[in-house]
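Colleague: Next up is a structure, given as structure tokens.
The values are calculated or read from the model by the stated rules, or taken from the named source; none is laboratory data. Quantities reported herein were computed from a predicted structural model and do not represent experimental measurements. Cβ: placed from backbone, ideal geometry, glycine included. Neighbour counts: every protein chain shown. Please note that ligands, DNA and RNA were not included when accessible areas were found on the heavy atoms of the full protein model with its side chains. Shrake-Rupley method; radii C 1.70, N 1.55, O 1.52, S 1.80 Å.
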Amino acid sequence: MTQFPNIISSLRIVGSLGLPLCDVTGVVFWIIYGLCGISDIADGWLARKLKCVTKKGALLDSLADICFVACCAWKLLPILELPQWLWLWAGVIVAIKVVNQLLALVMYGRCCFPHTLANKLAGFLLFIAVPMTVWSIIPISIVAFVATFAAIQEGHVIRTNNIKQ
């Protein structure tokens, strides 16, 4: 039972890898998308509820998140008509996150993915904003603002060695 949260994270990776095989306008894509998003909430909640939170589980959750975002981006970015300034903003967020991981590698010899409240909020908002982006860029702009704060906070957490995974 203590491995159940890790199994859910692993299934999110499998589901994420199925997304590129689906038609983004089809119902199967959005069912997998929804299940992956729900599993992201479920695995952490269940790990805390079962008192089986581990560094391995937190890392697996972060890897599943990266896989999910990458597979969604692969399918959705080509069809979304986003303004150039939003692409640049996303690039800045990615750059901050890359610098954070390089810093963690230099300081600790490993990557660190702090599960801060801001990171969780950014992930949740991204999950619900992506489908709305077809109609308006306002939701994804809000996500970009929260994600920028989360990335900066993540760097602060790494620099101050205040990592609670």
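Colleague: Can you list which of the trypsin sites (Lys or Arg not before Pro) found in the range 59-128 are DSSP loop residues with at most 11 other C-beta atoms within 10 Å?
Modeller: R110
Colleague: Okay, moving on. Cα centroid distance between the range 91-124 and the range 56-87, in Å?
Modeller: Taking the Cα centre of each part, the range 91-124 and the range 56-87 sit 14 Å apart.
Colleague: Place a point 7 Å from Cα of L21 in the direction of its Cβ. Which residues in the range 60-94 have their backbone N less than 19 Å from it?
Modeller: The answer is 64, 67-76.
Colleague: Then there's this: With every protein chain left in place, what is the accessible area per residue of the chain in square angstrom, probe 1.4 Å?
Modeller: 59
Colleague: When the chain is modelled as a GNM with alpha-carbon springs shorter than 10 Å, which of A58, A151, A95 fluctuates the most?
Modeller: A95
Colleague: What ³J(HN,Hα) values, in whole Hz, does the Karplus curve 6.51 cos²θ - 1.76 cosθ + 1.60 give for the range 132-138 when θ = phi - 60°, with x put for Gly and Pro?
Modeller: 3J(HN,Hα) across the range 132-138, in whole Hz: 6, 5, 4, 9, 7, 8, 4.
Colleague: Given bins 10 angstrom wide, list per bin the percent of all Cα-Cα distances in the chain, short to long.
Modeller: 10, 37, 37, 15, 1
Colleague: Still on this structure: For the chain, which whole-number percentage of the solvent-accessible area (1.4 Å probe, protein heavy atoms only) is attributable to carbon and sulfur atoms?
Modeller: Roughly 75 percent, rounded to a whole number.
Colleague: Please report, in Å, the Rg and the Dmax of the range 17-68, where both are computed over Cα atoms only.
Modeller: When restricted to the Cα atoms of the range 17-68, Rg and Dmax are 13.0, 39 Å.
Colleague: So what are the ³J(HN,Hα) numbers for the range 40-45, from phi and the Karplus equation (6.51, -1.76, 1.60; θ = phi - 60°), rounded to whole Hz, Gly and Pro as x?
Modeller: My calculation for the range 40-45 gives 5, 6, 5, 5, x, 4 Hz in order.
Colleague: When you count, for each residue, the other Cβ atoms within 10 Å and take the mean per peptide, how do 78-86, 26-34 rank with the highest first?
Modeller: Order by mean packing, descending: 26-34, 78-86.
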